[in-house]
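Working notes, structure below.
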Amino acid sequence: MGSPPGDIVSATEKPEVQEPTSSAPKADKAGETLPGWTIMRPLRMRGLKTKGSAAHSNGNANGVDRMGDLKTTETNVTNGSGNGPGGVGEVEALHEIRSDDELLGSDDDGASPRRVAAEDGTGDDGTIASSETVFKVYKRRWFGLVQLVLLNIIVSWDWLTFSANSSTAAEFYNVTSSSINWISTAFLFSFVVASPVVVFTLHRKGPKTAIIIASILLLLGNWIRYGATKAGKHGNFGGLMFGQILAGLAQPFVLAAPTRYSDLWFTNRGRVAATAVMSLANPLGGALAQLIGPAWVSKASDIPNLVLYVSIISSVATIPSFFITAKPPTPSSHSGTQPKHQLRPSLKFLLTCPEFYMIALPYAFYVGLFNSISSLINQILQPYSFTEDEAGIGGALLIVVGLVTAAITSPIVDRTKSYLIAIKVCVPVIAVCYLAFTWAPQTRTIVAPYVILSVLGAASFSLVPIVLEYLIEITHPVAPEVTSTICWTGGQLLGGIFIIVSDALRASGANDGTADDHTDRPPGNMYNTLIFQTVLALVVVPLPLALGCCGRHHGVRMRRVDADREAAERRYVANGGEVPV
């Protein structure tokens, strides 16, 4: 550094910045020299101008790497190049932000991350924020991200274990298809029951505690399911349901955690992508269940092996949860240092925010519809003589194509911050897909369902991380776990209700295709269910399309991005720059 460790500016004392004509930093009242790490060279930024130049002590220069409209400052304490292994970059201007979230520095405690000079600013509560903060991201964040991915895969696999084999599972457990549907429905309702505890846990204890609780519940739930399946010739359906409920209680802990985790560990350049990876791992588990389930089960006696294999996989995936890091040693960005609202003020704000309803309601409806169609895909197609394998592939296409599309769209939206445009494009596409799927099974050709399900998956999965992150942006500093938990809870609750209603709308007769009379309405068809889904998908379309209208432009402002940008501008001014009026 430019000065000994003892020469640190007081947290309550505004550092003096050298005039452009000076050649050395000014001394404070005690005769101490301003630390070299607080001195920056003039920076060229879009929207910011530099007049003059600021000196730097001990020859340590601040390198500037300009990537498009993104300006990143780096400090290298060894050679001043800004490009060495010791360099640590941080977003300074957030007009356009990259999504590639490079590894900024090493995890070694001995490495010296860039120190940000004290800021004098007024916080949301009216207090003055003035302190020395170290911004840095750590490689270990990927370990927690991977663990959340694994848990989301397992919890979704548990949910849809019997979806593609509903007829075979009903035969093994000696129950009706409606009873098998209740396995999925109970799972979704468990989410709602656990949600208040999830919000409290994430808000007070953080993601690690939530991850450990979910892992314990998954271990117990899966092995109870297996024990119940092996209890007698037809198993014990009540025990199976109990194990399923325990696994369902685990889901909100890992499904609501990604936004909290990305806010804690990632910068603005990578939060959308990180949230997408963790959140969309949940439906990936559903896709694996749809594809692998039929491959492992050819007859009713194969069901116990299916449950056993899923239990073993879940055990392996949950063990690393106990070894992840609870939180980063230093914050990743300025917005990460800002105190979030407590639960009561957060809920009070959301209840009076029209934009929250206009986004959260369509999101909850579409998550509920997705849960319903994923659970019932086999029962929708089988009356028209489609096989369980074909239904499983259709469900997998719904998810896999969606995951691939989200992997493409998330970094683009992350970089351009075009959340609102993306939402207004995806919502109508989803509604049109549900409308088209109403008549897809009647074609009796597998191409039509496959194409429509693929497009539906692409639009639905692209919407998930965009909505979750955008809600955090426009409601900042509301705690991220509050908005995500409310949205997911609404989706799971509606999903359970939609499954119950859809089952009640089923036509009478055998629904396994054996009674197919080759008409448009064969026995056991779910045509009325498809109409019900279409009406729900269309009725919420106007809400997100009206965002930003009627003088409500301030309601769609990205507050978290603005907070980071304004903090960067204050640092820029404090270090000799000048913001044009």
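The values are calculated or read from the model by the stated rules, or taken from the named source; none is laboratory data. The shown structure was predicted, so the numbers you read here are calculated from the model rather than taken from an experiment. In this analysis, Cβ positions are derived from the backbone assuming ideal geometry, glycine residues included, and neighbour counts consider all displayed protein chains. Calculation scope for accessible area: heavy atoms of the full protein, side chains included, ligands and nucleic acids excluded. Shrake-Rupley method; radii C 1.70, N 1.55, O 1.52, S 1.80 Å.
Per-atom-type breakdown for the range 193-261 gives carbon and sulfur 70% of the accessible area (1.4 Å probe, protein chains only).
Mean sequence separation of contacting Cα pairs (under 8 Å, at least six apart), scaled by the length of the range 381-531, corresponds to a relative contact order of 34 percent. Distance between the modelled labels on residue 528 and residue 424, one decimal in nanometres: 3.9 nm (7 Å Cα→Cβ projection). The range 468-517 and the range 196-214 have Cα centres lying 22 Å from one another.
With the highest mean first, a sort of the peptides 425-437, 227-239 on other beta-carbon atoms found within 10 angstrom per residue produces 425-437, 227-239. If R0 equals 35 Å, the separation of the Cβ atoms of residue 508 and residue 436 corresponds to a calculated FRET efficiency of about 0.85.
Ligands, DNA and RNA left out, the 1.4 Å accessible surface of the range 331-482 is 76% carbon and sulfur atoms. For the range 429-483, the relative contact order is 30 percent, taking Cα pairs closer than 8 Å that sit 6 or more residues apart in sequence and dividing their mean separation by the residue count. Dipole of the range 465-556 computed with +1 at Lys/Arg Cβ and -1 at Asp/Glu Cβ about the Cα centre; of 494, 525, 505, farthest Cα towards the positive end is 494. Suppose a student asked you for the relative contact order of the range 224-378, using Cα pairs under 8 Å spaced at least 6 residues apart; what percent would you report? Contact order relative to length: 21 percent.
For the range 449-522, the solvent-accessible area works out to 28 Å² per residue, with a probe of 1.4 Å and every protein chain left in place. Taking label points 7 Å from Cα along the Cα-to-Cβ direction, residue 518 and residue 389 give a separation of 2.3 nm.
Here r is the Cβ-Cβ distance between residue 302 and residue 404 and R0 is 22 Å; the resulting FRET efficiency, rounded to 0.05, is 0.15.
Cross-linked pairs 205/424; 348/424; 139/424; 139/417; 348/417: Cα-Cα separations exceed 29 Å for 205/424; 139/424.
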